[in-house]
Structures are given as C-alpha cells and as structure tokens.
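K.L.:
Just passing along the structure, written as structure tokens.
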Amino acid sequence: MADEAIMDLPLPERAPIPSGDHSVWADVSPLLDAACKDLQDGMLIHGDNFNLFAAMSALEIMDPKMDSGIVCKYYSVDEAIEDGAAPVPISSDRTVDVQCTIDIMDHLLACEATWHKGHSLAQTVFSCIYLLRPDRTSSHALLHSYCKVVRATCKTVISVVSDARTHEEEDLFTMSYGLALHGDGDDKCLSMLNAVEETVNRQLRACKAPSSKRRVLEDFVPLQNNLELEEAYCKALLCRLRFRKHFYHVLTCMRRPQGRGLELARKHIASCISELQCMLNSSEFLRSRSPGTHEGSIEDKTTASGCQAIGFDASLNCRLSAPTPPRAIKILSWKKAIEYFMKLLHDLDVICSYPLDPSLESVLHFVVEFQKSLPDLVARAHLQRLLVEDGKLYGRDPLFGVITRAAAVPDSIRNHDMQKHESIVYLGQLVINLLKILCTNSAWQRRKLGKILQDWRVVYIQLEMAFRKESGESTDSSNDENACMNIAQHILVWVEEQTYWIASRFLILGFELELYSQSEYCMVYWYIYVVLIKILEKKSLKMAASNDSGKRRGKKKRDSVKDVARDIRIPPAILFLQCQICLAEGLATMLAALRNERMMVQSPSPFNTEHERFSQHFELLQKACIPDQVSYPLFKDSTTHARLLNLVRYDHFKDAQKIVKEVKSSFSNNPEKSAELRRLEQVAEHNSIALNIISRAGALDPSLKVSFEFNHHPYLATAVVKRS
Amino acid sequence: MEFLSKKDEEEARAASEIEYVSYEGEDHLPLIMGLVDKELSEPYSIFTYRYFVYLWPQLCFLAFHRGKCVGTVVCKMGEHRNTYRGYIAMLVVIDSYRGKGIATQLVTRSIQVMMESGCEEVTLEAEVTNKGALALYGRLGFVRAKRLFRYYLNGVDAFRLKLLFPRPDLHSPTSPSPSPYMRLD
C-alpha cells in the first residue's frame, strides 16, 4: 500500500539517495503531508502496541507534575565544575573550608538515608559533584577520604541488597550504572580515612595542650585559622569521620561467612551509635557559626549547621545513564537521617545478637519478632544474607538436618540416605525460600506466603507418594526400612504443621497491612481459629510421636487432639496455642452473635455477597485446601447460630484467662513470651467484660454501639462499647 | 488513583440536581483532564486519558451540576490472567461536591456496565491514606486484596481493591458436614 501511495505522488525535489543492493530509498515527506491532511481535529492514530504501559510511560514536556526538567543549570558535570559549582578547596579561608566540608558530609548522610528509604542512588548520594569526579578531590584529604568511604559503603550496601534479592524493593535501590561507584583505590578507603582521622586527632590534642607544649610542635599545622574554634571543629569532624569508619566496619563484619563477624560488628555498632550522638551534640556549635541561615525550621535542613551544602546538583544525573524517575525528590533532613541510622544500627544490632540457633522454630520466631520493629530494606537484606548462605542455614547447617530436627526425628536415625531424595531436596529449597520471604517487607511477604502455600501442599503429596512407594518396594522389613518410615512419618506431620503456620502468618499479616474491614473480622477470626486448631493438632501429634518413638511404636496415631490435650502434663507451647485459639474462637463467635442479633448491622453490597468476599480473602488458602474441607458454607453453618446468651454461658475469653494463669509461670524467664501472654490476657479480660455488658444492656439499650479496636494486641481485637 | 472525601448520606441535598452523562467525545476530554489533574496525586499524560476514553467510552461517566462538570470516572476492561476484568482508573469529585453520593453514583454506573459486559471482577488501586475512597468501595463490596508497597510516585502504599461478581456455581449449597470443633454456637 505504501508503494502505491508513493507512485501517485509527485517526485521528490531533493536528489534521491542511490539505491543499494538490498534497499531502495524514497522521501516520505509528501506521503506524511498527505496523511496529515486526512486527520481531523481530535482524531488519533492508535497503534495496536500502544498499550496502557506505553501511555503511562509517556511524559508531557513542561508539565510540572511529570517533567522534572531536562533543562538544568548545567549541561554536564564538567560544565558545573568549570562554573565553580564544586570548588577544591571549597574556600581559601580555611575556617570556611572546614565548615563547608562538614556541611557536605552532613548533606551526604542525609542523601544516603534518603537512598536507603527507597529513592535512586543517582538522585541522592550521587547528586554530589565531588563523588562524580573521584580524582578531583585528591588534594583535599578530608573531603577525599570521606568521599572514598562513602562510595565504598554504597558499593557494599548495594552488594548485600542485590545478593538478598528482596524482590521489587531493590529495583531502584541497586541501580547504579553510569555512576562513579568504583573510584581508584576505594578498597583502601579505610587506611586513608585512618590517616586523616589521626591528623585531626593530633590537631585536637595540640589545641588542647597548654601553650608551653605547643612550641614543640612548631611545624604543626592546625585544622583552620581561628584557634578559638579549633577544638569544636576538630571534634565535629572527628565524630563524622569515625562514624564512617565504624559503619564501614559494621557492614564488612556482617558479611563474613557463617556469621563469624557478628560479635565484632556489635562493637562497631556501639561505636557508630556513640559517634552519631557526638554528631548531634556538635550541631549546636555548628549552628552558632552560621547565623542568619535559619530561615525555616532547622528540622527541615539537611545539615547540622542549617547551611545549604556546596557541590550538589540533583538535576545533573538526568543527563547521565543512571535512571532517574521523572520527579524531583525531597532529601530527608539531617535530623531524620540521624534517626534513620540510629534505627538501622539498632536493627543490625538485633541481628548480630541473635545466637544462630540451629532450631528452625527459633529462627522463624526470631524473624517474625524482628519484623515487628518494621526494619528497613538494608537491615532486612542483612538478616536474609545471614540466614541463607550457600543453600545452608547460616551457611553452616545443611537443610536436611534442620528439617529432621524441626520434625523431631529421633537423633539415632537422622543421618539417613533419605536426604538425597528428590522431594526432600525440594523441601529444603522450600524452607530456604520461606526464610527469604520472611525477610521481605510485609506487603510483599504476605503475597508470597499466600503463593507458596500451594508448593507446600504439593511437596506434602510428593513426599507421601515417595515414602509409600519406597516402603512398598523394599521387601525385607529391615531396620533401615523402619528408620525410613519413622523419618517419613515425622517429616509429613511437620510439613503439615509448617504449612498451617504459613497460613496463619498469611492471615495475621492481613491485620498489620490493614487488609480487613470490620465487617470481615468475623470470617477472618473464624479462619484463624480453624488454622490454629490444625497447628495444634499437628504440633500435638509431633510431640506425641517424639515421646512415643522408641517406647510405643505400635500405637502411632491418636484419634483426636483433645485426647492429647488431656494428657497429664500439657506442654506450655500447646497451652499457649490453646489460649490463642480460645481468643480467635471467642472473637469470631462474638462478632457472629452481634451480627445475628442485629447489633452490628452492615448494609448489603449492591454487587455481591459475603460469599464472594470470603472467596476473595481466602482464595489462596482455599485453592491449596488449607485446611481440608473448609469452605464458606461451613463458615456460615458454624456462625449462623451464634447467640450472645450462649456465648456468655460458655465464655471463650474466660477460658483464655484461665490458660494464661496456668501457663504464666512456665514463661517467667522469657520476657517476650510473658509480654505476649499479658497482651492475650488483656484481650481476654476486656472482651469478657464487654460481652457481659452487651448481653445485659444490649437488648434494652438500642443506642449501644460496639466497635473493635487493636489497643491491646496487634491482631486480636478488643470490643469497645459506647453509647451513641 | 482515587480521591474522595467521606460520604454522608444525609447531605445528598443537591444530589437530585446532578446529571450523569456518559462520555460523548473529544469535548468531554478537557473536562475530565481538568478534574483529574487538579485532584489526583498521580500525573497522567494525554495519551493515558485517550487510551481509556477512546477504547472504553461506555465505561466513562461525567457528573454535571447546572452545566458545570463536578465529577468523573474513567475505566477499562479486558482479559487479565484468564479472567475478564474491569478496572477503575480514575474517580474524582471536586471538593465542594463531596459527601453527596456523586462518586458512588458514577462508579456504580461503570461497574454496572462492566457486569453486563461479562466481567468477572473489578479492580482498582487506592492510596492507603484515602479513607473516603476505601469506605466507598467497601460499601460496594470491594475487598482489600493486597497492599502494594510504595506504589505511588509520592512513596505512599496502595491497596489493590477487588470486587468479585457472584458466579452461579459458587452458591451451590453443597457443604461438607462440619466437624464438631468448628461449630461456633
């Protein structure tokens, strides 16, 4: 068709490009002109491949919301440097030079925190012109050494985060191509930093020494010219340099294999924290040296002095290859940056103080507890790297051993050939995958946990089939076969327990992420309740089996959980779980009763019913049959008859309170569990009281309003009764 | 993508004067763009608007009060991982007209068309801080399916909301017999 069009058009006036062997050249301008005449106002050409992504990726030039501006002050780094945007030295006045150097250090710290918090490296740390041209600063030892260690630190952090692969989060974080991340000799950054630190330290000692001694150091050059300020400037610099040194040490120690550097890392973490404190203390002096610069609150400034740092231009990188999002970003304030690093160091310290317990249950518990403090990406990446290395736990414990221990397989048969089995190897991969997922941010974590439930279901079936096949094949009932069957039984029970644990974590994370609305609490607590019951069942089975093994091998399985629970001594872990079950059951029943008695009314939705909402919330659990036979009709059936009167008569919350009292002493030397028990007790107590009030006054007082709040526990709600 | 204030049923005083119109062509585009640009945090290029209104004009509605455009909804629908899915891209009501049920009216019209066109579900994203929108969609039967970490350019998380339309086979009364421990009465 194009050829035809060309034929009809007058010949181009320009000299045609000579045709080659495989090509014929023609001017298409007349064709385009003609086509344009066919287009009316408002008409569009729509290419099939122009999809939503293409539309969303398009930018409108000069739209302030989209276009952060390619026209910046300078067209290149060199032009900026020529124009004096980043002078070396920063000032010929040595006092001003030191002052400005400190501002640069502070602004870099603010940039670094902003980067950690999810912005691109190009728009944050590498908005520093001094960093972009590593060689230029070589005559300025202070700035040069600082820039070197910052670059080396960024490199180390990027490598930890990319190793950890925390999924979508690191996309922007690790993008660094086109940036001068690898300065010459950056690997020796510490020796240079140490030398500079030593010099400043000597300068500090010199200015503090009595004047009689000063004469001895005649060839000695002070940091700057104003002797009255010498001490304070030396101190302000020293804490900044030392922070960098210790922080770099923290990162390298934490990367040592098998957690060997953790103890040393803790020492450096403590030093970092104390240097940060010194930096905060120096801000009063620094502010006093720059009067009149504090328009607006100091809280918003990116330096301790409140001055704008010299040598930064975020727009320069628009022209570099490193991708910058189309928007200008706001750099965190210096105060916020210090807060960020304090929190990061605290989180890293928690990781370093973990005793690398070989028990998987303890690891899972640790990660879950760690996540409660909402650690940021860098801390989570470090944890993940520590937990999983070379396909082993802590790079040390092979997964088969970890699994058999978790499954309470008796010691005598743990070293079995079974570990080479395909399904067992796959199970090991699932455990590694689970550990990695647990280190990601809760939003991503929940999505992945929901998805892997299916894998855990599948591996269970595979293992079951494999074990059955194996026991069928072997004809002699040798000791080896017995051992194999024994391991198989233990592992199968454990896989189920673990699957339900993942399901419970998936459900509970929904509260943290605020995915449930009050009208859905009933079904969520009901689901948590059925899942917890399953965990209890498997846990009890596991415990019973490990107690039985060796003694009563003939009697393998028990008929019901309650039998186990009635054993003379119920283990505290089981009682703990029972307490949670009582609370979940109590809440589900109370919510159902309130609805059934029309004390919490919800207007029906015009487009669907509760059934669809149930399917949506629990789709992934239902797909993986977790638990078996649990469905919406079952939920309906078990909640439609809930009544307040019955609930008061059989108060689940009172049961929970009783269990707490019983189990308290078993956890007296475990502060974390004791605190959790206290929270459970409070939920139980408040709900029990609320239940009594509602059942007595509710029918008589229609103005009574019941709502649910999380003021005692992060995911177990407490009923709040108010008169409207 | 939405921004709404708290709906208040009592305040639907002027609601009867609001006129709802289906997208009628290029003349409506500047009205839609003006509203969205002003009220939503996310910037959209002209291509994004045209992408939606040219391909799915039947899913786009505008609300007028005495000739002035005070609200709009922009949507799409299509195949998504083996389901036919509707998507609400933008929903805006100008500040002084909020709380009168206009957004509910607008979005209900779009969802209705989606349902009639055979969609199995409807999705959208809303900022986690946008309580008004979350409440509105909650009333319409949407569930918060996922939280999307730092979804927006401004760094705020989003919820992915989902509305599942009833499927005939979902409501069959074949329930397995409940085990005794699951009965809560």
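K.L.:
Compute the signed sum of charges (Lys and Arg +1, Asp and Glu -1) over the other residues within less than 12 Å, Cβ to Cβ, of residue A:225.
P.N.:
Residues near residue A:225 contribute -3 overall.
K.L.:
Quick one: Kirkwood hydrodynamic radius for the range B:13-122, alpha-carbon pairs, angstrom, one decimal?
P.N.:
14.2 Å
K.L.:
Further question on the same structure: State whether the protein assembly as shown is rounded, prolate or oblate according to the following rule on the C-alpha gyration tensor (a ≥ b ≥ c being the square roots of its eigenvalues): a/c under 1.5 gives rounded; otherwise a/b larger than b/c gives prolate, and the remaining case gives oblate.
P.N.:
oblate
K.L.:
Ok, one more. Classify the range B:73-170: rounded, prolate or oblate, from the alpha-carbon gyration tensor (a ≥ b ≥ c, eigenvalue square roots; a/c under 1.5 rounded; otherwise prolate if a/b is larger than b/c)?
P.N.:
oblate
K.L.:
Say the dipole of chain A comes from +1 at the beta carbon of Lys and Arg and -1 at that of Asp and Glu; which of A:570, A:671, A:690 then lies farthest toward its positive end?
P.N.:
A:570
K.L.:
Where Lys and Arg each count +1 and Asp and Glu each count -1, what net charge lies around residue B:159 among other residues with Cβ under 10 Å from its Cβ? Present the calculation step by step, with values, prior to reporting the outcome.
P.N.:
On the way: positive: B:144, B:146, B:147, B:160, B:162; negative: A:514, B:125, B:127, B:157.
Local charge sum for residue B:159: +1.
K.L.:
Rounded to the nearest 100 Å², what is the sum over both chains of accessible area buried where B meets A, with a probe of 1.4 Å? All intermediate terms of the calculation are to be shown ahead of the outcome.
P.N.:
Values: alone 10680 and 37030 Å², together 42750 Å².
By this definition, chains B and A bury close to 5000 Å².
K.L.:
Another question about this same structure. Can you give me the Kirkwood hydrodynamic radius for the range A:354-515, using every pair of distinct Cα atoms, in Å to one decimal?
P.N.:
Evaluated on the range A:354-515, it is 16.7 Å.
K.L.:
Applying 1/(1 + (r/R0)^6) with R0 = 51 Å to the Cβ-Cβ distance of residue A:374 and residue A:43, what FRET efficiency is obtained, to the nearest 0.05?
P.N.:
Values: r = 52 Å, r/R0 = 1.01.
So the FRET efficiency works out to roughly 0.50.
K.L.:
Using just the helices of chain A, give the 222 nm mean residue ellipticity in deg cm²/dmol: DSSP H runs with n ≥ 4 each add -39,500 (n - 2.57), and the total is spread over all residues, rounded to 500.
P.N.:
-19000 deg cm²/dmol
K.L.:
For peptide B:146-158, how many partner chain Cβ atoms fall within 10 Å of a residue's Cβ, on average?
P.N.:
Going residue by residue through B:146-158 and averaging, the value is 5.
K.L.:
With all protein chains present, how much of the accessible area of the protein assembly as shown (probe radius 1.4 Å) comes from carbon and sulfur, to the nearest whole percent? Working shown, then result.
P.N.:
Numbers: 22600 of 42750 Å².
The C+S portion of the solvent-accessible surface of the protein assembly as shown is 53 percent.
K.L.:
Still on this structure: Suppose every Lys and Arg Cβ carries +1 and every Asp and Glu Cβ carries -1, with no other charges. What dipole size does the protein assembly as shown come out with about its Cα centre, to the nearest 20 debye?
P.N.:
Result for the protein assembly as shown is approximately 4200 debye, rounded to the nearest 20.
K.L.:
Just want the answer: with Cβ charges of +1 for Lys and Arg and -1 for Asp and Glu, which residue in B:74, B:118, B:47 is farthest toward the dipole's positive end in the range B:13-122?
P.N.:
With unit charges placed on the Cβ atoms, the residue in question is B:74.
K.L.:
Which whole-number percent gives the relative contact order of the range B:13-122, counting Cα pairs below 8 Å spaced six or more residues apart?
P.N.:
28 percent
K.L.:
Using a Förster radius of 51 Å, what is the FRET efficiency between residue B:167 and residue A:709 based on their Cβ-Cβ separation? Nearest 0.05, please.
P.N.:
Calculated value: 0.90.
K.L.:
Something else about it: Ignore the peptide's own chain and count Cβ atoms of other chains within 10 Å of each Cβ in A:51-59; give me the average, rounded.
P.N.:
Values: counts 2, 9, 1, 3, 9, 7, 3, 6, 3.
The shielding value for this peptide is 5.
K.L.:
To the nearest 10 degrees, how steep is helix A:29-38 against the longest Cα principal axis of chain A, on a 0 to 90 scale?
P.N.:
With both axes taken from Cα atoms, the answer is about 50 degrees.
K.L.:
While we're here: Quote the relative contact order of chain A in percent (integer), defining contacts as alpha-carbon pairs under 8 Å separated by 6+ residues.
P.N.:
Working: 831 pairs, mean separation 75.0, N = 724.
Computed over chain A, the figure is 10 percent.
K.L.:
Can you order the peptides A:221-230, A:528-537, B:125-134 by their average number of other Cβ atoms within 10 Å per residue, highest first?
P.N.:
Packing proxy ranking, top to bottom: A:528-537, B:125-134, A:221-230.
K.L.:
Another one. Based on the Cβ-Cβ distance from residue A:278 to residue A:75, what FRET efficiency comes out when R0 is 35 Å, to the nearest 0.05?
P.N.:
On the way: r = 41 Å, r/R0 = 1.17.
Once rounded, the FRET efficiency stands at 0.30.
K.L.:
Continuing with the same structure: Taking only pairs that are 8 or more places apart or on different chains, how many Lys pairs in the range A:334-459 have Cα atoms under 30 angstrom apart?
P.N.:
Taking the Cα cut-off of 30 Å, the pair count is 21.
K.L.:
Rounding to the nearest 10 and keeping the result within 0 to 90°, find how far the Cα-based axis of helix A:652-663 lies from the longest principal axis of chain A.
P.N.:
Here the helix axis deviates by roughly 80 degrees.
K.L.:
Still on this structure, please answer the following. Work from the charge dipole of the protein assembly as shown (Cβ charges, +1 for Lys and Arg, -1 for Asp and Glu, about the Cα centre) and give the residue of A:134, A:92, A:111 farthest towards its positive end.
P.N.:
Of the listed residues, the answer is A:111.
K.L.:
Sticking with this structure for a sec: Angle, helix A:422-438 long axis vs. longest principal axis of chain A, Cα atoms, 0 to 90°, nearest 10?
P.N.:
60 degrees
K.L.:
In a shell of Cβ-Cβ distance under 13 Å around residue B:55, excluding residue B:55 itself, what net charge do Lys and Arg (+1) and Asp and Glu (-1) give?
P.N.:
Values: positive: B:50, B:76; negative: A:48.
That works out to +1.
K.L.:
On the full set of protein chains, 1.4 Å probe, figure out the accessible area of residue B:113 and give it in Å² to the nearest 10.
P.N.:
Roughly 30 Å² of residue B:113 is accessible to a 1.4 Å probe.
The values are calculated or read from the model by the stated rules, or taken from the named source; none is laboratory data. What you are looking at is a predicted structure, and each value in this text was computed from that prediction instead of being measured. Ideal geometry is used to build each Cβ from the backbone, glycine not excepted, and the neighbour counts take in all protein chains shown. Ligands, DNA and RNA are excluded from the accessible area calculation, which covers all protein heavy atoms including side chains. Shrake-Rupley method; radii C 1.70, N 1.55, O 1.52, S 1.80 Å.
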